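Only one structure is covered here, and it is reproduced in the block below.
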Amino acid sequence: MDQHELSVNPVSERLQTVRNRIEDACELAKRPQDEVTLIAVGKAQPEDRIIAALDAGQRIFGENYVQEAKNRWPALREHYGDIEVHMIGALQSNKAGDAVELFDVIQTLDRPKLAQALAKEIAKQGRHPRLFVQVNTGNEDQKAGVSTDSLVSFLRLCREELKLNVEGLMAIPPVDEDVALHAALLAKLANANALSCVSIGMSADFDVAIRFGATHVRVGTEIFGKRPPKAMS
Ligand SMILES: *Cc1c(COP(=O)(O)O)cnc(C)c1O
């Protein structure tokens, strides 16, 4: 990519707009700005857009696919340093080894089998990614995440039996529902279980999510633009 193309790349401006909106939402909610972390979601985005965000100072990213993260981050970490990568996509138990190696935070811990696989890999590798438990706040049949009813017992398994470092909760609300209710519920569940992180809110609704208690918002499209159709890999 030549210098001219770089200079018109809109990612840095989009990123600044999102940061400004987060600032405004915090002000409106009377919350300190440092309570909210922006995760830039790079799934299926071309590398030059990720690099534009890095060059604009963004250091916290979200990934949905183990393979894409594996192709992308080892080299970029070496170049930029102090990067934090969050796994926010469905994670198969047989990828637990890669996940422990690649990610700083895994937000999609949602079942005993995966908890056990992660505990085993953490012990083996001596790396300790921070963990969020994904909650199915909309109680949707097809959706990943532990049900609100089984959250307490699942957390007990993770923390007491498996000694996992669970720091927060994450949710993807039903597409047709207001994020406000789900953010408020997730924040309440986090508080009741002594967890400090609440990951909810995406491009369409992160301002509202912040008003209702989100500490981590996951924003892709508003920063990077529309995702190109996924290439076969
Ligand atoms: C893709 C994705 C996002 C970002 O979505 P946008 O609408 O592009 O901001 C956030 N969270 C999860 C879990 C995702 O899969």
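The values are calculated or read from the model by the stated rules, or taken from the named source; none is laboratory data. Note that the coordinates shown come from a computational prediction; the quantities given were computed from them, not determined experimentally. Here the Cβ positions follow ideal geometry from the backbone for every residue, glycine too, while neighbour counts run over all protein chains shown. In case anyone asks, the SASA skips ligands and DNA or RNA and just uses the protein heavy atoms, side chains included. Shrake-Rupley method; radii C 1.70, N 1.55, O 1.52, S 1.80 Å.
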Largest first and rounded to whole Å, the semi-axes √(5λ) derived from the alpha carbon gyration tensor of the chain read 28, 23, 15
Quick calc: nm separation of the 7 Å Cα→Cβ label points for D82 and T17 -> 2.8
Note: the range 1-93, point scatterers on Cα, Debye, no solvent; log10 I/I(0) at q = 0.10, 0.19, 0.21 Å⁻¹ equals -0.31, -0.98, -1.11
Long-range alpha-carbon pairs in the range 98-175, meaning those over 16 Å apart, account in percent for 46
Taking a crude spin-label model, label points 7 Å out from Cα along the C-beta direction, the K163 to D104 distance in nm is 2.5
From the Cα centre of the range 124-173 to that of the range 11-34, the distance in Å is 28
Counting only protein heavy atoms and leaving out ligands, DNA and RNA, the solvent-accessible surface of T37 at a 1.4 Å probe, in Å² to the nearest 10, equals 30
Once N191 and D149 are pulled to full extension, the length gained, defined as 0.36 nm per residue separation minus their Cα-Cα distance, is 13.6 nm
Share (percent) of C-alpha pair distances in the range 128-233 greater than 23 Å works out to 31
Heavy-atom accessible area with a 1.4 angstrom probe orders R31, R72, R227, most exposed first, as R227, R31, R72
Filtered hits (lysines, Cα-Cα < 23 Å from K43, offset >= 8 within chain) -> K70, K95, K143, K226, K230
